[in-house]
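Working notes for the structure below.
The values are calculated or read from the model by the stated rules, or taken from the named source; none is laboratory data. Everything numeric here is computed off the predicted structure, so don't read it as measured data. All Cβ positions, glycine included, derive from the backbone under ideal geometry; neighbour counts span all protein chains shown. Quick note on the areas: whole protein, heavy atoms, side chains included, nothing else; ligands and nucleic acids left out. Shrake-Rupley method; radii C 1.70, N 1.55, O 1.52, S 1.80 Å.
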Amino acid sequence: MEAPGDDGEAVARSSELTTAEVSDAALVARCRAGDDDAWRELVERFSRYVYAIAIQAFRLPEHDAEDVFQEVFARVYERLDTLRADDAIRPWIAQLTRRVCIDRLRSGGREQPAEEDLLEIADEDVLTQLEEAFDVHEALAGLPEHCQEILDRFFARDESYRAIGDALELPAGTIASRISRCLVKLKDVYEGRNEPGAASSEQVT
């Protein structure tokens, strides 16, 4: 498995809004069926998420984060059959990553701190922000392509209404209303993904 070349901060700041062709659950189902392309897509979909947890939340150096990346996806490959609900893949990977990060911290220290002390090392605010950023990223991927592009240009690339209008061959005076409509769609998709019971949690043993 090839690690991405950044430090994971792209989860919160990425300017690339890619379309999710299949849901997490459908992707996991393909992995269970032995689809090699699905495995590659799974790693690509969650690689920056794993890196962000390791580097931003646990403050691991990059070489340790690379080891965490390799170990997490090795465990995902080996233990996918223990995942009870296909749509719970992201929280399951998050727990696996936290466990591997804790193991890495424990193995790197001269003393052996208690596990509850290691858990406190993780920045919970950062973990929450990463979860929210990933939710927004996935919600964006669920929008029509024209909404993805206009929101990407306005919020990620910081383009003006005129620049967006010129690029998309639209009257500049219509850009604000189009952005507003796309934000409403984004809100609907985001809230739909985060309704209680929308995704189950899995315990890592």
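Side notes on the structure shown:
- Residue by residue, the stretch 36-51 carries 3J(HN,Hα) couplings of 5, 4, 5, 4, 5, 5, 4, 4, 4, 5, 10, 4, 5, 5, 5, 4 Hz when phi is fed to the Karplus relation 6.51 cos²θ - 1.76 cosθ + 1.60 (θ = phi - 60°); x denotes Gly or Pro.
- Stretch gain in nm, segment GLU132-HIS146, where the contour uses 0.36 nm per residue and the Cα spacing is subtracted: 2.8 nm
- Stretch gain in nm, segment ASP36-GLU191, where the contour uses 0.36 nm per residue and the Cα spacing is subtracted: 52.6 nm
- Sorting the segments 90-98, 67-75, 136-144 by their mean number of nearby beta carbons within 10 angstrom, highest to lowest, gives 90-98, 67-75, 136-144.
- Modelled FRET efficiency - R0 41 Å, GLU78 with ALA156, Cβ distances, 0.05 increments: 0.70
- Across the stretch 90-95, rounded Karplus estimates of 3J(HN,Hα) from the backbone phi angles (6.51 cos²θ - 1.76 cosθ + 1.60, θ = phi - 60°) give 5, x, 5, 5, 4, 5 Hz, Gly and Pro being marked x.
- When THR174, THR128 are compared by accessible surface with a 1.4 Å probe, the order from highest to lowest is THR128, THR174.
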